[in-house]
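The structure appears below as structure tokens.
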Amino acid sequence: MKNSLLVLAALTLASCSQSTRNTDATATTDSLKADTSSNITSAPLYAKMSIAPIIKAGEAIQIRFTVFNDADSVQQFCKWHTPFEPLLSKYLDITDEGGDEVLYKGAMAKRIMPPPLDSYVKVNPKDSLSVIVDLSKGYTITKPSIYKLNYNAQNMSGLIVKDTLSFSYGK
């Protein structure tokens, strides 16, 4: 019973990963190589985040999240736990300059596994998709500080995101 629960948990976590969505062995192997590579551009799909370095108190705290497809074929990723399905999960870790984590106040969606087909977003070869999200709608960022944010959901979405962003708020 314990072993079957462990197998079920492992399958659930892996169901939205990049390697489970590719149908040929070469694509799966390439995807696994990309996960261990220190060069982010070697992966067929990867994402980059950007944010203004200084944001005044009361202004929108907008990040741009861009997914790039360097492959010669259409690739897809699970939009769950990404800004492409904004504020339905805590997909960012945000800390202030004192190291305190910012409170996530957005929704936390319950999911069925495996993800249905409409949970995937396709990216054309050598193309990219971007979305802009206002973090102040999902995170409690109110005090003046320098904040750091990291994407924490690459195991769910299958996207590799190496960026660690910093911005000054309210100063």
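Count Lys and Arg as plus one, Asp and Glu as minus one, and take only other residues whose Cβ is under 9 Å from that of residue 119; the net charge is then 0. In plain terms, the chain from residue 107 to residue 132 could stretch by 7.2 nm, reckoned as 0.36 nm per residue minus the Cα-Cα distance.
Note on residue 66 and residue 100: their simple-model spin labels are 3.5 nm apart, each label 7 Å out from Cα toward Cβ.
Each Lys or Arg adds one and each Asp or Glu subtracts one; over the other residues with Cβ under 9 Å from the Cβ of residue 95, this totals -4. The calculated FRET efficiency for residue 74 paired with residue 142, based on their beta-carbon distance and R0 = 30 Å, is about 0.10.
Laboratory data are not the source of any read-out in this text; all were calculated from the coordinates shown. As the structure is a computational prediction, the values presented were derived from the model and not from experiment. Every residue, glycine among them, receives a Cβ derived from its backbone with ideal geometry; neighbour counts consider all protein chains shown.
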